[in-house]
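These notes concern the structure reproduced below.
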Amino acid sequence: MDFTPPPKVEALRQTLRDFMRRELYPLEPALARDGFAALLPTLAEKRDKARQTGLFAAHLSEAHGGAGLSLTEFAAMSEELGKTPIGHYVFNCQAPDVGNMEILIEHGTEAQKAEFLAPLVAGRTRSCFTMTEPEHPGSNPTWLGTTARNDGDAWVIRGHKWFTTGFEGSAFTICMAVTNPEADAHARASMFLVPTDSPGLEHVSNLSIMGSRGGDWASHAEVMFHDVRVPHANLLGAEGMGFVIAQHRLGPGRIHHCMRWIGICERALDILCRHAATREIAPGKPLGTRQIVQQWIAESRAEIDAARFMVQHAAWKIETQGVYAAREEISLIKFTVARTLQRVLDRALQGLGGLGMTDDTPIAFWYSHERAARIYDGADEVHIEAVAKRILRGYGMRSPR
Ligand SMILES: Cc1cc2nc3c(=O)[nH]c(=O)nc-3n(C[C@H](O)[C@H](O)[C@H](O)COP(=O)(O)OP(=O)(O)OC[C@H]3O[C@@H](n4cnc5c(N)ncnc54)[C@H](O)[C@@H]3O)c2cc1C
């Protein structure tokens, strides 16, 4: 087996490392001080520079305006970009837009692609995804309260959503709503393209998350659909396909998230190691001479490397055998990498002492905001249950609890 990274991947990693050192890391103090929304004009300039690297929206095929990277190639890019909280945004491959682009390409009509996809890929607009509801468990997406009723020339959407990432400032949302409550659980819901300036679509507020309401892309909103009318042409895919499309969206999306988390781990470990090698706990005795700190470093190194191999393998399996064949690997990486991320961040923060609690490094930001990694993209427990059930089925167990 050859572990030498392909030259194309090495070259793109180097391009991104140089770009981030020059353009993005210097913005981190302002991001921590003033928040994401205040940085938008500067980020627009950085996006223009990112376009010149040829890696803007690079996950898409060249025909759709991207760089035609394969999933495994984009995984490497996602790891590099994950090393700063604004990396993915600047290169227009941030969640949830990246997933929305993919489902528009896969399931959108030509008219939908022209109206919604083209400006999104160009970075002129942003989008969001409205599925989760306060009154229903997000971990069971077949059970939704939001409905869409067919009324003359339009669908009429009524419902209550929350945790809509980046609603503020987005041009449209992809909304999941029940169109046939009598159908099988997996065929009840459909997806709709809804412009955010549609009459009846109310932005209730941004949720306060770990002490901050955030702003623009870096926010999570509560949203009400008060009989929002969208033309029939805004149905995405066939009626009843909502669940199937959502599942499709999640396979490659989990590779993107997991590699972003690995990027965060690498940056956190780098910050810890620099600190451990230079911070003296007594004259002439750096922190890194302590065995417990050495253990944090060695264990983090091992866990990150193991996690990366698992994700690369899952990406390879998706590429060669499809999302369905790789569903177990996708579940395994979701909870494994999310947990690795928590452990590595916790060790880095502890090793930095009081400094780790400040916003002088991005560790405190990630420590609070990335706790959510174990909840979004399918709560860890749901993935754990799915894997265990499949394994136990091989032992003849039919309905394990
Ligand atoms: C930062 C962030 C961003 C998000 N962005 C979006 C977005 O843009 N759009 C969107 O639609 N949603 C978004 N979400 C919502 C996310 O998808 C849901 O929070 C997630 O699916 C879990 O649903 P829930 O919060 O309703 O928790 P519930 O479904 O109520 O579950 C609560 C807890 O119960 C446990 N649990 C659930 N099921 C099982 C089970 N079968 N076995 C054992 N334990 C179980 C888990 O520990 C879980 O955390 C976001 C969430 C966060 C935190």
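What are the ³J(HN,Hα) values, in whole Hz, obtained from phi via the Karplus relation 6.51 cos²θ - 1.76 cosθ + 1.60 with θ = phi - 60°, for each residue of the stretch 42-53 in sequence order, with x given for Gly and Pro?
3J(HN,Hα) across the stretch 42-53, in whole Hz: 5, 5, 5, 5, 5, 4, 4, 5, 4, 4, 5, 7.
So what are the ³J(HN,Hα) numbers for the stretch 317-322, from phi and the Karplus equation (6.51, -1.76, 1.60; θ = phi - 60°), rounded to whole Hz, Gly and Pro as x?
5, 4, 5, 8, 10, x
Pick out, from Trp217, Leu236, Ala348, the residue whose Cα sits farthest towards the positive end of the charge dipole of the chain, with +1 on the Cβ of Lys and Arg and -1 on the Cβ of Asp and Glu.
Ala348
Using a basic spin-label model with each label point 7 Å from the Cα along Cα→Cβ, how many nm lie between Asp360 and Asn150?
Between Asp360 and Asn150, the label points sit 6.4 nm apart.
Do any GluC sites (Glu not before Pro) in the stretch 176-241 lie in a loop, going by DSSP, with at most 11 other beta-carbon atoms within 10 Å of their beta carbon, and if so which?
In loop regions of the stretch 176-241 (DSSP not H, G, I, E or B), the sparsely surrounded GluC sites (Glu not before Pro) are Glu182.
Report the FRET efficiency, 1/(1 + (r/R0)^6), for Asp227 and Trp143, where r is their Cβ-Cβ distance and R0 is 22 Å, rounded to 0.05.
Between Asp227 and Trp143 the formula returns 0.50.
Explain nothing, just the number: dipole magnitude of the stretch 244-393 about its Cα centre with +1 on each Lys and Arg Cβ and -1 on each Asp and Glu Cβ, in debye rounded to the nearest 20.
240 debye
Name the residues whose placed amide hydrogens come within less than 5 Å of the amide hydrogen of Ala221, ignoring near sequence neighbours (fewer than 5 apart) on the same chain.
Here Phe163, Thr164, Thr165, Gly166, Phe167, Leu207 satisfy the definition.
Return one number: the angle in degrees, 0 to 90 and rounded to the nearest 10, between the long axis of the Cα atoms of helix 7-19 and the longest principal axis of the Cα atoms of the chain.
Roughly 80 degrees, rounded to the nearest 10.
Would you work out the charge dipole size for the chain about its Cα centre, treating the Cβ of every Lys and Arg as +1 and the Cβ of every Asp and Glu as -1, and quote it to the nearest 20 debye?
1080 debye
State, to one decimal in nm, how far the label point of Ala185 lies from the label point of Arg51, with both points 7 Å from Cα in the Cβ direction.
For the pair Ala185/Arg51, the computed spacing is 4.7 nm.
Per DSSP H run of at least 4 residues, take -39500 (n - 2.57); add these up for the chain, divide by its residues and hand me the 222 nm value, nearest 500 deg cm²/dmol.
The per-residue figure over the chain is -14500 deg cm²/dmol.
Take the Cβ-Cβ distance between Ala277 and Arg22 as r, set R0 to 30 Å, and report the resulting FRET efficiency rounded to the nearest 0.05.
Given R0 = 30 Å and the Cβ-Cβ separation, E is 0.80.
Whose amide H sits under 5 Å from the amide H of Ile281, counting only residues 5 or more places off or on another chain, with H placed in the peptide plane?
Close amide H contacts, sequence-distant or interchain: Leu287.
So how long is each side of the chain along the principal axes, counting just the alpha-carbon atoms, biggest first, in Å?
Principal axes ranked by extent give 79, 58, 42 Å for the Cα atoms.
Between Gln247 and Ile105, with labels modelled 7 Å along Cα→Cβ, what's the label distance in nm to one decimal, could you check?
Simple spin-label model gives 2.2 nm for this pair.
Treating only the Cβ of Lys, Arg, Asp and Glu as charged (+1, +1, -1, -1), what charge dipole size does the stretch 116-229 show about its Cα centre? Round to the nearest 20 debye.
Computed about the Cα centre, the dipole is about 240 debye.
Since every read-out is calculated from the coordinates, none of them should be taken as a lab result. If you're wondering where the values come from, they're calculated on a predicted model, not measured in any experiment. Neighbour counts are summed over all protein chains in view; Cβ atoms, including those assigned to glycine, are modelled from backbone coordinates with ideal geometry.
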